[in-house]
Amino acid sequence: MKQVLQNYKTGEVKVEEVPPPSLRSGAVLTAVRRSLISAGTERMKVETGKMSMIGKARSRPDLVKKVLKTIQTEGVANTYRKVMARLDSPTPLGYSLAGEAIEVGSDVPEFAKGDRVACAGAEHAHHAEIVCVPHNLVVPIPENVDDDDAAYTTVGAIALQGVRQADVQLGDNVVVIGLGLLGLVVVQLLKASGARVFGIDVNPGRIELAKQLGADMAALRSEDIPAMVEAFTRGAGADVVMLTAGGGQNNDPIELAGEITRDRGKVVVVGLLKMDVPQRVYYEKEIQVLLSRSYGPGRYDPVYEEMGIDYPIGYVRWTERENMREFLRLLSLGQVNVKPLTTHRFTIENATEAYELLAGEQAGSVIGALLEYSGAPARTARIANPKAKDVAPQAKVKLGVIGAGNFATGTLLPILQGIDSVELVGVCTTRGQTAKAAMDKFGFKFATSDATELIDSSDVNALLIATRHNSHADFAVRAMRAGKPAFLEKPLALTAGQVADVHQAWQETGGRVLVGYNRRFSPFVRRMREFFVNRSTPMSLIYRVNAGPLERNHWMRATDEGGSRVISEGCHFIDVMISLCGADPVRVSGRQMSSHEPDTAQILIEFADGSIGTLYYLTTGDTAVAKEYLEAHCEGKSAILSDFRKLELVSGSKKESLTSAQDKGHKNELKHWAEAIVKGEPFEISMQSAIMNTLATIYGMESAITGEFYTLGIESAALKQAG
């Protein structure tokens, strides 16, 4: 299918052929008929993309801070690779569209195949022939509203949320500064609310259009606006000023708003603009400054948008979905007219012409530009790479990759690309554009949005699974039952029931899966094993992880998707302990610091050889302290590893200190995996060990809740699954 993508590194916009997305749970697969290019928002994206690296950094200081924090914990080289991988990833454009449902999730009863729907969301409602959108961002289109008008639904919901924030009363005097796409919709919604509306813009054509659409008065910014507003409001000043002007470094809108707002009036910021608020005038008038967050409650909340859990109407009346639905109702009644806002039309094939227009001197002529889609889009999940070359048959790992997120494209695939025994055959993601990008960047032969294409393909003899955590166990089972060795990014599973499923598949097939516990393959951990070789007594191990806090809405904190940070990442550190003592965990006990910090936990592990390990996983420490710190003690010897940069080995009062660039073992791990497949040798980490490790993290966290010790065994996992 065709999709509009931007290379954020260069700013270039292209129409690419990519695999269509696959239907996800709780979502609606939609064939797009019209999508709206928002002149202001998307022009800003194009302009930002074309900036130099310094310009991009200046425009996003928040991201610069994240990069600096990453440098502190992972070093300059690793951070640079991550940043470059992110910049090279294609960015989908678009966030407002109308189309037809072609497939509906079984858990979405309110829609059926063939329904006309409007869809929202910069993460989902892209300029593409087919999109997959969670159902809380999808609403039905009334019969008398055509696709052209329905494509404006998201912009309409943004405008409607701004008006709701203003809490406009009948007869209020409202000034709208900025009569672009958003401002002209706001003007109409204010009139529908019973307000008297005064519009301001720098473009004469938009002044006239605002009057045609109902504005009681409109004027150019070059006129004497304060005097005109004073006359319009009979000397009182504006009850509300709506700022819908575009971005840039112009502080005039916020300054003008303060000048023309009445005593104790409101200024509502709906657009993206500079906001250096003049303190004196806003203080003296006690002006309320209100910000309107996109299209309403639910925006940026993954529980609402991604998981589809609605808010109780008694607490939240107007969610983003209800705002979308209401805007369509107003279109249906004729109380809002968006037809005059469509200034340009392009086919999806010629979409780049629209972005060239936005970047040129005639950008001001664009208010709303519609992309048109015709015919039934191709739904072939697989696309071929025309640059791929046939490789002569030989003993190779013919790899299919499922999942191409930041870690896969920034760390795993660059390493695999450099291993001679690995041939990159196919790559799959649920969102086809990321599979296409990985295919182009790393030279896969084909890209697909259907994992079955890889699992069942005779061209693929091994799988790398780098999807989100809740799918790991299922893909591990499918790989084993397909008879294909797999590399599975950690964790192996999130629940004891999933562990039981993996164990059963392993018992029945003897399948081979290496879980991505890379740290045991690092040079320093290998050196520690050599240091303690030939020991005859148990070890004492302490592993402290200063992980730092994670964003509240990060997917890893969702128990049904990420499984908690300790379950997701703790297995890494327990595997290092398993590697050092050479024995699997058999008993665990856990404690959490408090319900306010569920990711800060301590797990005590007993190993089969009598060794004792303690994992401290912390989110409350200072980032200046090393992220990972490991102590190992046995038979008068001690080893201390700090952040995989420094290792101290102490024996007989003699100390050996080793330092190096940070190496957490990813390259050694993947080389071992590929070599073991080619030679038919066992993986260093057995499936039995991976299963016991996973049970240790799962029951360690359960112990943190119950306060009990747990004896580990697959039998307990199977019983828990049956229960």
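Points to keep in mind about this one:
- Matching entry among 505, 447, 493, 437 (being open to solvent by less than 20 Å² (accessible area, probe 1.4 Å) and in a helix (DSSP H, G or I)): 505
- Residue within the stretch 658-667 that is assigned to a strand (DSSP E or B) and at negative phi present: yes
- Scan of the stretch 99-152 for residues that are in a helix (DSSP H, G or I) and within 23 Å of the chain's Cα centre (by Cα), ordered by number: 135, 136, 137
- Scanning the stretch 465-483 for residues that are touching a helix residue (DSSP H, G or I) at 6+ places or on another chain (Cβ under 9 Å), surrounded by fewer than 23 Cβ atoms within 10 Å (Cβ to Cβ) and either outside any helix (DSSP H, G or I) or of a type in the set (Gly, Ala, Ser) (or both) turns up 467, 468, 482, 483.
- Residues that are of a type in the set (Lys, Arg) and farther than 15 Å from residue 412 by Cα, drawn from the stretch 439-467: 445
- Residue in the stretch 275-286 that is over 21 Å from residue 178 (Cβ atoms) and either in contact with a Leu (Cβ under 6 Å, 6 or more places away or on another chain) or open to solvent by less than 30 Å² (accessible area, probe 1.4 Å) (or both) present: no
- In the stretch 677-707, residue farthest from the chain's Cα centre (by Cα) [restricted to those that are loosely packed, with under 13 Cβ neighbours inside 10 Å and either among the aromatic types (Phe, Trp, Tyr) or at pLDDT below 90 (or both)]: 707
- Residues that are within 16 Å of residue 581 (Cα to Cα) and loosely packed, with under 15 Cβ neighbours inside 10 Å, drawn from the stretch 610-646: 610, 635, 636
- For the stretch 570-599, the set of residues classified as modelled with pLDDT of 85 or more and more than 30 Å from residue 536 (Cα to Cα) consists of 591 only.
- Beta carbons closer than 9 Å, at least 6 apart along the sequence or on distinct chains, pair a first residue in the stretch 398-426 that is open to solvent by 30 Å² or more (accessible area, probe 1.4 Å) with a second that is among the hydroxyl-bearing types (Ser, Thr, Tyr) and not in a loop (DSSP other than H, G, I, E, B) for 405/434.
- Taken over the stretch 580-603, the residue count meeting the criterion of being in a strand (DSSP E or B) and open to solvent by less than 60 Å² (accessible area, probe 1.4 Å) is 7.
- The stretch 450-464 - residue that is touching a residue at least 40 places away in the same chain (Cβ under 8 Å) and open to solvent by 20 Å² or more (accessible area, probe 1.4 Å) and, of those, farthest from residue 501 (Cα to Cα): 459
- Residue that is farthest from residue 262 (Cα to Cα), among those in the stretch 192-235 that are assigned to a loop (DSSP other than H, G, I, E, B) and open to solvent by 60 Å² or more (accessible area, probe 1.4 Å): 202
The values are calculated or read from the model by the stated rules, or taken from the named source; none is laboratory data. The structure presented is a predicted model; accordingly, all values stated were derived computationally and were not measured. Ideal geometry is used to build each Cβ from the backbone, glycine not excepted, and the neighbour counts take in all protein chains shown. These area figures cover heavy atoms from the full protein model, side chains too; ligands, DNA and RNA do not enter into them. Shrake-Rupley method; radii C 1.70, N 1.55, O 1.52, S 1.80 Å.
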